[in-house]
Amino acid sequence: MSQTLIELGIPLETPAEAPDRRNWLFFVRRPGLVVSILVVIAVVLASFWPGLFAAQDPLKGVPKNLFQAPSAAHWFGTDELGRDLFSRVVHGAQLSLKATLIAVAVAFVVGGLVGLLAGFVGGWVEDVLMRIVDVLLSIPALFLSLALVTALGYGTVKVAVAVGLASVAEFARVMRAEVLRVRQAVYVEAARSCGARWYSVLGRHVLPNAIGPVMVLATLTFGTAILAVSSLSFLGYGAPPPAPEWGTLISGGRNYLANAWWLTALPGLTIAATVLSTNRIARALDGEWGRR
C-alpha cells in the first residue's frame, strides 16, 4: 500500500507530522474557537499591559470632548467628563480580570479541597460536608454573593472573594464525584494492596486523575465569575469611582442612554464577548478536544 502511494506521488505522513497536521486541522475547522482564543489573549494582554492597546489616560477628562460618539479618534467614544471610553475599558480589564481570577482561584481551591476530603475520607465527614454543600446550592449564587460581600465590605478583592465562596459548592460536588470514581479504579486498589501510604495514593493516583473535570469547570466558571463580578460592581459593591471597572462603567453610563448609548452598550459588548469566548474554549476542552 505504501509503495503504491509513493508511486502515485502521494506523500506519506511521518509519525511526527501526523499529530501536527491533526492539530492544525482541528483549529482550521473551528474559526469560532480561534476567534475566542484571540479575544481571551487580547483581554489578558490588556489586563497586564494596558498600554499596548490604549495610550490615553483613563482618568483624565477633556472638557471639549464631552459625549463624543465612537470615531477614529475615540474608538468607543467619550463619557460625560470627556474621558476616552476605550482607554477606560482597556484599563478596566485589569480590575475585572484580577477579581475574576481571585474568584475562580478561591472556588477552585476551597471547593476542590472540600470535595477531595469528602470523597476520599467518606463516612460522617462526607455526610457533614455534603450537607453544607447542599445548603449552599439551595441559595442562588448572586444572592449568596450579595450576602457575603455585605459582610466582608466593599472593594474589588472582597467582591472577588464573595463570588468565589458562592461558587465553592459546584467545585466540591464535581471533585467529590471524580474522587469517588477514581478511588474505585484498579490501579488505586493495587497501590493500596502494595502497602502505599494514604497520602501517596491521594497525591500520586487520586488527585491527578480527578482534577481534569474540575479544571474544565474552572474554565466555565471564569465566564460566570466575570458576570458576577460585573453585576456586583454595577450595584456599587466594587471599586469606587473613578476606577474604570467594567460593571461600574455600565452603571455610570445608564443615566445617559438617551444621548450616549455607547457608554453602556460598548462595555456591555466587551463583557459579553469575553464571557462567550471563555465558554467556547471551555466547550472545546470539555468535549471536542477529547473526541479528536
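The values are calculated or read from the model by the stated rules, or taken from the named source; none is laboratory data. Just so it is clear, the model here is predicted, and its values are computed rather than measured. Neighbour counts run over all protein chains shown; Cβ positions are idealised from the backbone, glycine included.
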### Query
Looking at the stretch 212-229, which of its residues are farther than 22 Å from ALA177 by Cα, among the aliphatic types (A, V, I, L, M) and without any contact (Cβ under 8 Å) to a residue 60 or more places away in the chain?
LEU227
## Note on the structure
Expected output for the stretch 73-99 (first residue touching a residue at least 40 places away in the same chain (Cβ under 8 Å) and surrounded by 24 or more Cβ atoms within 10 Å (Cβ to Cβ), partner in a loop (DSSP other than H, G, I, E, B) and aromatic (Phe, Trp, Tyr), Cβ below 7 Å, 6+ apart or cross-chain) is LEU85/PHE76; VAL89/PHE76; VAL90/PHE53
## Note on the structure
Note on SER231: of the conditions (1) surrounded by 18 or more Cβ atoms within 10 Å (Cβ to Cβ); (2) in a helix (DSSP H, G or I); (3) in contact with a helix residue (DSSP H, G or I) (Cβ under 6 Å, 6 or more places away or on another chain), unmet is (3)
### Task
Can you tell me which residue among GLY268, GLY253, GLY195 is at pLDDT 90 or above, more than 24 Å from PHE108 (Cα to Cα) and more than 15 Å from the chain's Cα centre (by Cα)?
GLY268
### Task
Return a yes/no flag: does the stretch 258-268 have any residue that is buried (at least 16 other Cβ atoms within 10 Å of the Cβ), in contact (Cβ under 8 Å) with a residue 24 or more places away in the chain, in contact with a helix residue (DSSP H, G or I) (Cβ under 6 Å, 6 or more places away or on another chain) and among the β-branched types (Val, Ile, Thr).
no
### Query
Can you tell which of LEU137, LEU144, LEU116 is surrounded by fewer than 18 Cβ atoms within 10 Å (Cβ to Cβ) and of a type in the set (A, V, I, L, M)?
LEU137
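Looking at this structure, is ARG292 surrounded by fewer than 16 Cβ atoms within 10 Å (Cβ to Cβ), in contact with a Phe, Trp or Tyr (Cβ under 6 Å, 6 or more places away or on another chain) and at pLDDT below 85? Explain how you work it out, then say what you get.
Working: surrounded by fewer than 16 Cβ atoms within 10 Å (Cβ to Cβ): yes; in contact with a Phe, Trp or Tyr (Cβ under 6 Å, 6 or more places away or on another chain): yes; at pLDDT below 85: yes.
So ARG292 passes the test.
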### Query
Here are some residues: VAL159, VAL163. Which one is touching a Phe, Trp or Tyr at 6+ places or on another chain (Cβ under 6 Å), assigned to a helix (DSSP H, G or I), in contact (Cβ under 8 Å) with a residue 12 or more places away in the chain and farther than 30 Å from HIS205 by Cβ?
VAL159
### Message
Restricting to the stretch 234-257, and then to whatever is crowded, with 17+ Cβ neighbours inside 10 Å and among the polar types (S, T, N, Q), can you tell me which residue is nearest to SER167 (Cα to Cα)?
### Response
THR248
### Message
Based on this model, can you work out whether ARG131 counts as assigned to a helix (DSSP H, G or I), of a type in the set (Lys, Arg) and either buried (at least 18 other Cβ atoms within 10 Å of the Cβ) or within 17 Å of the chain's Cα centre (by Cα) (or both)?
### Response
no
